[in-house]
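Structure record follows, encoded as structure tokens.
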Amino acid sequence: MNHEQVRKIRVRNLSFFYRSREILSDVNIDVMEREIVAIAGPSGSGKSTFLLALNRLWQEIEGARVYGTVEIKIHGEMVDVMASDLDLKMLRRRIAMVFQHPNPLPMSIFKNMSFPLSIAHVKDKKFIRERVERALRQVNLWEEVKDRMDHDARLLSGGQQQRLCLARALVMQPEVLLLDEPTSSLDPKSVLAVEKLLLELKQECTIILVTHYQDQIQRIADRLYRVTDGRFNRAELVHS
Amino acid sequence: MNSLFEKGIAVFSWTAMMTMVLGVFILLGFLFFKGGKTLGLHLIFGSVSPVDALLLREQVLDGLFPAIVGTFLLVFCSMTFAIPIGVAAGIYMAEYARGWSRRAMSLFFDILAGIPSIVIGLAGLSLAIILHHHFSERFAPSLLISAIALAILVLPYIIRTTQIALESIDPVLRRTAPSLGASRLQNILRVLLPVSLPDILGGIFLAIGRCAEDTAVIMLTGAVVMAGIPRDMFSQYEALPFFIYYISSQYSSPEELQTGFGAAIILLFLCSFLLFAALWIQKRLVALLLYR
């Protein structure tokens, strides 16, 4: 670990229960600022569930309970994510998430993209248009959709939808990006483009990437955790 | 064997569907056969000129115009009461109620859905009497009391369809807006409700149909045969279903009975108009909320 690195996320003794089943067990990890942490493991081992603990999205799941400590540095200060009085809207605007399967809202492409800004009560239309265009350019989608921004986002192809969701997550310029297998529905060319984008984004935000692809981990990850039955273990990266 | 069983099921399903379609056509054919000849401006406006009737310059005494207006007003007023309350209660049931309170309220709404309309009518009449005695003599069986009673009658449909529509939304879509920083209310108002609007409208269609056709409630709470167009919410009124019921039970000549069949056709047209109007509103609303 580079000693100049600053801790961004601190997780201690994190356990996650869904009804009576333990999904995560005593997780302890640290994530540094501006690094890409990969989380790998078999299906159902708790990788995606871990992401839900970081932005407290588990609260939207009936029957979910979480114990332990999760602290994330937001606006330069460590914030206790588990605190009952935490402003969840602020937390989730600073910690963006991209789900495993594309989840465009049933709205136009533009409304999907501007949704995070509009719910944050941003009114400046010029500012919104600029942010939307910038985010779409970042994921190489702008040229494909610029002439049909009022079309239903669900009519885009699977790969385009996934890039739209990534762009939507970027529109608020988050400090932490949680990515749940974001390239699983992309073609090889788009995968490489997204990986290049993630390496660029690393300069301004911290990325936690759930992935199955060993070659992807080798290409872009700074640190790797392997998950087995809800237990996290640090693993060595093998760079070719 | 399995193939034969599958074919049997398919044939049974097809037969059931065709029986329904045939039933509707037979019903429509019978209505038009019996009442088609009476259809015309005379059935609606009687001996009064349509322009004078529409501008309320002259009262229609021998046509269905007051009953058509009364039915429109009844449906409009009932829906004005029932839709906001029903949708809000459905949202509460789907998004906020948990545990035993949710089970208790579900049971309550199921019981409410099972109450016969004549009992709701009786409750409406009792309400009118109580209000008359304790608040104002203006309260009596009227358009207002009928609208309240009908709203209570159709509330369970709207509550249940709203609740089911919201609960059946894909969990990933349900979590999308919160993951982007939306509050629970923003998620409900900006994503969940617009998405489930077509299903909620399904319940509202049923409710509109029920309000337009129910006779038991209105005969106890304000509908009469000759009231003309109601002046205000405290007036008695005429309504098509009550007119049909009255004519079919009290007719003095075959021609008068034919008028009843004509009124039934007009009631069908009116319900179809309300249905298409609701569909149009739904399309405009979804386009406005999600795509502009």
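The numbers here are math on the coordinates, done by the rules we state, and not lab data. Quick caveat: nothing in here was measured; it's all calculated off a predicted structure. Heads up, the Cβs are rebuilt from the backbone with ideal geometry, glycines too, and the neighbour counts pull from every protein chain shown.
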Whichever aspartates and glutamates have a C-alpha closer than 16 Å to that of A:Lys47, once near sequence neighbours (fewer than 8 apart) are set aside: A:Glu22, A:Asp26, A:Asp30, A:Asp180, A:Glu181, A:Asp229
Helical mean residue ellipticity (222 nm; -39500 (n - 2.57) per DSSP H run of 4+; nearest 500) of chain A: -9500 deg cm²/dmol
Lysines whose Cα lies under 29 Å from that of A:Lys111, excluding same-chain neighbours fewer than 8 positions away: A:Lys89, A:Lys123, A:Lys125, A:Lys126, A:Lys146, A:Lys189, A:Lys196, A:Lys202, B:Lys283
Proxy reagent accessibility, fewest Cβ within 10 Å first, across B:Arg160, B:Arg57: B:Arg57, B:Arg160
Which of B:Asp62, A:Asp85, B:Asp232 has the fewest Cβ neighbours within 10 Å, and the rest in rising order: A:Asp85, B:Asp232, B:Asp62
Dipole-positive endmost among B:Gln258, B:Leu268, B:Gly222 within region B:221-292 (Cβ charges, Cα centre): B:Leu268
0 to 90° range, to nearest 10: angle between helix A:188-201 axis and chain A longest Cα axis: 70 degrees
For region B:1-33 versus region A:128-156, the gap between their alpha-carbon centres in whole angstrom: 48 Å
Sparsely packed trypsin sites (Lys or Arg not before Pro) within region A:148-198, loop by DSSP, other Cβ within 10 Å at most 15: A:Arg148
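If each residue's Cβ is checked for other Cβ atoms within 10 Å, how do B:Met226, B:Met93 rank with the fewest at the top?
With the fewest neighbours first, B:Met226, B:Met93 line up as B:Met226, B:Met93.
Please identify the DSSP H helices in chain B that span no less than 20 Å along the helix axis (Cα) and have a mean Kyte-Doolittle hydropathy of 0.0 or more. Show your work: numbers first, answer last.
On the way: long enough: B:2-35 (49 Å, 1.36); B:65-91 (38 Å, 2.01); B:99-114 (23 Å, 0.46); B:117-134 (25 Å, 1.61); B:143-167 (35 Å, 1.78); B:193-213 (29 Å, 1.20); B:254-286 (48 Å, 1.27).
Length and hydropathy pass: B:2-35, B:65-91, B:99-114, B:117-134, B:143-167, B:193-213, B:254-286.
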Given charges at beta-carbon only (K, R positive; D, E negative), |dipole| of chain A in Debye: 380 debye
